[in-house]
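A quick write-up on the structure given underneath.
Nothing in this text is a laboratory measurement; each read-out follows from the coordinates by a stated rule. Since the structure is predicted, the reported quantities are computational estimates derived from the model, not experimental observations. Cβ atoms come from the backbone with ideal geometry, glycine included; neighbour counts cover every protein chain shown.
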Amino acid sequence: MKKLVDVFTPTTGGFGADLLPPGYGYGKKYRYKVNLNQFGVGFEIINWCLKNCKSKWGWYFIPTKREDDYLESYENQDAILTFKSRQDAVYFKLTHA
């Protein structure tokens, strides 16, 4: 059994993302998708999902073309947050409009 670790302390690697249960987090694609229109998934979003989502969720990245043609690879992508439950996706959109 995993020891419960406070995800707010800086001593945990990956800000707690490494403590997500199986089926959650990076590389997980579910039916309902929300484009974050940014090139990362912040700690606030991960923490919100941990507290408010009733079903599984995750994120992945898709390549995009930026207007300024800057070539940094991490900036030429959009984060897509995905949810298994439609209710979780709608709740996220309402609270993060």
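For F83, what charge total do you get from the other residues with a beta carbon under 9 Å from its beta carbon, if Lys and Arg give +1 and Asp and Glu give -1? List each step's numbers first, then the result.
On the way: positive: R31, K33, K56, K84, R86; negative: D88.
The answer is +4.
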Residue order, fewest to most beta carbons within 10 Å, for Y91, Y24 = Y91, Y24
Starting from the Kirkwood radius over alpha-carbon pairs of the stretch 15-63, derive D by Stokes-Einstein at 4 °C in a medium of 1.567 mPa s and give it in µm² s⁻¹.
-> 113
